[in-house]
Amino acid sequence: MYSAMDYIYEIYREKSFTKAAQKLFVSQPALSASVKKVEEELGAELFDRHTSPVSLTEAGKIYIEAAEQIYTVKAGLKERIDDINGLRTGEVTAGGTNFVSSCVIPEIVKNYSAKFPGIELNLVESNSEELKRLALAGGIDAVIDYDFDGALFNVTPLREEKIYLSAAKDSPQAKKFEKFALTYGDIKHKKETNVPAIEISTLGNEKFILLKKGNNMHDRATKIFHDGAVHPRAVLMLDQLMTSYTLSCKGLGMAFVPDTLIYAAPLKNAVYFRISSPHAKRTLTIAKKKNKYAGKALTQFIITAVESFNKK
């Protein structure tokens, strides 16, 4: 059963009354009426309904800040009660990008559910920036992602990733840079070191499919291009890593892709290129907010995540 606070927070997250109503499985008139009632009680509007997307008023910002504090307290209380039950009941909310949720989290969830069937797992998908913000606000217990601020998060490494460029086998890039091209087999069998890495500075005239700001791969690509003094020709700016990878293998341009995704989804028409850059590697990690109470359910989820990768 959702509260009026839940309604308001979901509108804030979705930046839309319509999307929030769909997400919460309630009618938009009922959602709007609930919000209006709270606004009348407070004597202030929480949302500026004249902007697109919907934005918070100053009163709304104060309300959301208070709501996040309440959610944090409630989550901590529930975790302490769950610990008394000794992992017979409880819940963990984990977050990941679309790529992580598709290629990484399923194995962890399978292993965790087998060990602790009484624990309810909730998964949240969003971009890196939003996931970290939600974790700091108390809306997510653990996030599987990259490049966490050690001053704000307790971070546990899962695996080192290499980042490659992908393109279609029959693309102009594959022909032009044939001597740098790798197959999936080369990467899988660790033969890529026999092939030279490509210099980003030589790719100034090539087309790229990039991710939008807020995604970790956007930040990586920006640093790689900066080091190579390249202003990329972005033919598409997308939200999803898998989509950029798939479209690159259709010949639309080159895309940055981590080896975790290559192993999970090797595409028949793909060729790959090693990148000569210190930013072409990253560490997949699982993190929780510092000073957040780590109950038994959350602690075991983190342990399971590490074990899931150690088995590979």
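FYI, it's all coordinate maths here, none of it is from the lab. Computed from a predicted model, the values in this text were never measured in an experiment. Note that we place each Cβ from the backbone using ideal geometry, even for glycine, and neighbour counts take in every protein chain shown.
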In vacuo Debye sum over C-alpha of the range 204-268, base-10 log of normalised intensity I(q)/I(0) at q = 0.14, 0.16, 0.26, 0.27 Å⁻¹, listed in q order, is -0.38, -0.49, -1.21, -1.27
For the range 190-201, in order, what is each residue's ³J(HN,Hα) by Karplus, 6.51 cos²θ - 1.76 cosθ + 1.60 with θ = phi - 60°, in whole Hz (x at glycine and Pro)? 6, 9, 5, 5, 7, 10, x, 7, 8, 8, 4, 4
Using θ = phi - 60° and the Karplus curve 6.51 cos²θ - 1.76 cosθ + 1.60, what whole-Hz ³J(HN,Hα) does each residue of the range 34-49 get, with Gly and Pro shown as x? 5, 5, 4, 4, 5, 4, 5, 5, 7, x, 7, 7, 9, 10, 8, 7
What percent do you get for the relative contact order of the range 161-281 when only Cα pairs under 8 Å and 6+ apart count? 48
Roughly what angle does helix 58-84 make with the longest principal axis of the chain, taking Cα atoms, 0 to 90 degrees, to the nearest 10? 90
What ³J(HN,Hα) values, in whole Hz, does the Karplus curve 6.51 cos²θ - 1.76 cosθ + 1.60 give for the range 105-110 when θ = phi - 60°, with x put for Gly and Pro? 5, x, 5, 5, 4, 4
Over the range 1-157, what is the mean sequence separation of C-alpha contacts under 8 Å (at least six apart), divided by residue count, expressed as relative contact order in percent? 18
My understanding is that a pair violates if its Cα-Cα distance is over 31 Å; which of Lys78/Lys132; Lys61/Lys281; Lys213/Lys289; Lys19/Lys74; Lys23/Lys78; Lys212/Lys289 do that in this structure? Lys61/Lys281
Computed curve, the range 161-281, Cα-only Debye sum without solvent term, log₁₀ I(q)/I(0) at 0.13, 0.16 Å⁻¹, is -0.42, -0.66
Measure nothing but the geometry: give the 0 to 90° angle between the long axis through the Cα atoms of 4-14 and the longest principal axis through the Cα atoms of the chain, rounded to 10°. 20
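So what is the calculated 222 nm ellipticity per residue for the chain, using -39500 (n - 2.57) for each DSSP H run with n of 4 or more, over all residues, to the nearest 500 deg cm²/dmol?
Numbers: 13 runs with 139 residues, N = 312.
About -13500 deg cm²/dmol.
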Contact order normalised by length for the chain, with contacts defined as Cα pairs under 8 Å and 6 or more residues apart; what percent is it? 23
Just for the range 161-281, what percent of DSSP beta bridges are antiparallel, to the closest 5? 60
Gaussian network model of the chain, Cα within-10 Å springs - most flexible of Ser166, Ser32, Ser101: Ser32
Cα centre as origin, Lys/Arg/Asp/Glu Cβ charges: the chain dipole, Debye: 1120
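Take the Cα atoms of the chain, build their convex hull, and give its volume per residue in Å³.
Measuring per residue, one finds 156 Å³ for the Cα hull of the chain.
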Expressed in angstrom and rounded, the centroid-to-centroid distance over alpha carbons for the range 272-301 and the range 192-244 is 22
Would you mind telling me which residue in Pro53, Pro172, Pro157 has the biggest mean-square fluctuation in a Gaussian network model of the chain, where springs connect alpha carbons within a distance under 10 angstrom? Pro53
